[in-house]
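Asker: Below are the structure tokens for one structure; questions will follow.
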Amino acid sequence: MRALILLAFLVSSHVFAGEYVPKKLQFNFLGDDMGNRIYYRCEVVKTLVANHLESLGAISTNVKCYGGLEDYARMPEWSPITVTAHFEVPVPAENSTREVVVLKTKGVASEDCFLNTSFLKTAIPFFPGVKILKKSTSCLSNYSRWSYTVEIAK
């Protein structure tokens, strides 16, 4: 009898709980497409990546970063950024609700146009329930305005 009750509980909890699939993303950033190099500290990039992943619906995010701009004993060291993120994405159901989310620059102009647009271009295909409705990703400089309007299945 206990086994039957436990089985019923597991089946019913599965119906109400969302299903998630683990994903692993690796992202390398060298700078813009015109040959200029842009360097960041890993802590800044980790925060940016985690925020974008959570905005797109990811849970259990674990972001690691290597390279970047570091200061070792007054000797600056610059290297490209490599980010590895482990996270879980929701599997959209047929009757899932949809939410429109706008990811964009903060203020009139902000830094990081190349970093944000490059990362989102890499990350969005990892989310089966995310559909791009509109995007503005033309970075003339790193201070250019950018935006993504996406629909997320919840």
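The values are calculated or read from the model by the stated rules, or taken from the named source; none is laboratory data. No experiment lies behind these values; they were computed from the predicted model shown. Positions of Cβ are generated from backbone atoms using ideal geometry, with glycine treated the same way; all protein chains shown enter the neighbour counts. We work out accessible area using only protein heavy atoms, side chains counted, and drop any ligands, DNA or RNA first. Shrake-Rupley method; radii C 1.70, N 1.55, O 1.52, S 1.80 Å.
Asker: Hey, any idea what % of the stretch 92-140's accessible area is carbon plus sulfur with a 1.4 Å probe? Provide the component values of the computation, followed by the final result.
Answerer: Numbers: 1630 of 3120 Å².
The nonpolar share, carbon plus sulfur, comes to 52 percent.
Asker: Kindly write out, for the stretch 116-123 in residue order, the coupling ³J(HN,Hα) from the Karplus curve 6.51 cos²θ - 1.76 cosθ + 1.60 (θ = phi - 60°), rounded to whole Hz, with x marking Gly and Pro.
Answerer: 4, 5, 5, 5, 5, 4, 6, 7
Asker: Taking 0.36 nm per residue of separation and subtracting the Cα-Cα distance, what length does fully extending K104 through I132 add? Let's see the in-between values first.
Answerer: Numbers: separation 28, 0.36 × 28 = 10.08 nm, distance 1.33 nm.
Once the chain is fully extended between K104 and I132, it gains 8.8 nm.
Asker: Another question about this same structure. Search the structure for amide H atoms under 5 Å from the amide H of Y40, placed 1.01 Å from N in the peptide plane, and list their residues when 5 or more places away or on another chain.
Answerer: L69
Asker: For the stretch 38-154, list log₁₀ I(q)/I(0) at each q in 0.12, 0.23 Å⁻¹, using the Debye formula over Cα point scatterers of equal strength and ignoring solvent, two decimals each.
Answerer: Taken in order of the listed q values, log10 I(q)/I(0) reads -0.48, -1.34.
Asker: Would you tell me the accessible area of V91, worked out with a 1.4 angstrom probe on the heavy atoms of the protein chains, in Å² to the nearest 10?
Answerer: It works out to around 60 Å².
Asker: So which GluC sites (Glu not before Pro) in the stretch 49-154 are both in a DSSP loop and have at most 10 other Cβ atoms within 10 Å of their Cβ?
Answerer: On the way: sites: E54, E70, E77, E88, E94, E99, E111, E151; in loops: E94, E111.
Those satisfying the criteria are E94.
Asker: Here's something else I'd like to know. Net charge near K46: determine it from the other residues with C-beta under 15 Å of the C-beta of K46, scoring Lys and Arg +1 and Asp and Glu -1. Could you put the intermediate results ahead of the total?
Answerer: On the way: positive: R41, K64; negative: E43, E54, E70, D112.
Combined, the nearby Lys, Arg, Asp and Glu give -2.
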